[in-house]
Amino acid sequence: MAGDGDTIDEVIRAQTGVDGEDEGLLEDEIVDEPVTPMDELREELAIGVGVDPVAALLDAPVEAPTDEVFIRRLGASFTVEAILDDKAYDKIVERCTKRVRNRRGGGSTREVDGRRLSRLTLAEYTVKPAFSMKRATETGTEAAFELMVEKYGTRDPEDLVGRALLLGEIDMVTDRIMTISGFEDELETAGN
């Protein structure tokens, strides 16, 4: 097991069994490539067990991760993207929230319409097919969007999702969006 004072080479040897005398590529032996300040930072942060969170964030892509969801009934895959902008998602949640008056004792509580939230989330974060003109314009699929509008009789993204897909399909696509947005990781951590 690697200790706190171990060097990168010692950590590599401990994890891989590669000895400094072997043919393995240890950090000290790589002389062909110039060392950048980012490489030095990575080396500094990598000492110890696991990946340093700063190094992980520095290496993470800036664009939203995407994934494919296969819809069996349609025999086609949808492309979805992760939620990166929490303010935009908060606006969707707010659109799906209403105040409900308490019958006892007055006052009110806020309730989120889960089905509406799923439809709007799917419409906003599905890249292909596009369920809004905004997304169709971004992806260059305006003609396909217009064909869906013609078939399902609505331009409203929420209604279009509701008319084109079954409830279980909406849930499946929305679940994938939430998973690639990191919510599954959060649940795993909370469950341990």
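Taking every residue in the range 47-66 that is under 17 Å from residue 84 (Cα atoms) and modelled with pLDDT of 75 or more and pairing it with any residue that is part of a strand (DSSP E or B) and of a type outside the set (A, V, I, L, M, F, W, C), at least 6 positions away or on another chain, the pairs with Cβ-Cβ distances below 8 Å are 64/81; 65/81; 66/79; 66/81.
Looking only at the range 136-148, decide whether some residue is crowded, with 20+ Cβ neighbours inside 10 Å and under 21 Å from the mean Cα position of the chain (by Cα). Yes, the range 136-148 contains a residue that is crowded, with 20+ Cβ neighbours inside 10 Å and under 21 Å from the mean Cα position of the chain (by Cα).
A quick yes/no check of all residues on (1) hydrophobic (A, V, I, L, M, F, W, C); (2) closer than 17 Å to residue 183 by Cβ; (3) touching a residue at least 60 places away in the same chain (Cβ under 8 Å); (4) not assigned by TED's automatic domain parsing to the domain that holds residue 178:
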site	(1), (2), (3), (4)
76	yes, no, no, no
83	yes, yes, yes, no
92	yes, yes, no, no
96	yes, yes, no, no
99	no, no, no, no
109	no, no, no, no
128	no, no, no, no
131	yes, no, no, no
150	no, no, no, no
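The values are calculated or read from the model by the stated rules, or taken from the named source; none is laboratory data. The shown structure was predicted, so the numbers you read here are calculated from the model rather than taken from an experiment. Neighbour counts run over all protein chains shown; Cβ positions are idealised from the backbone, glycine included.
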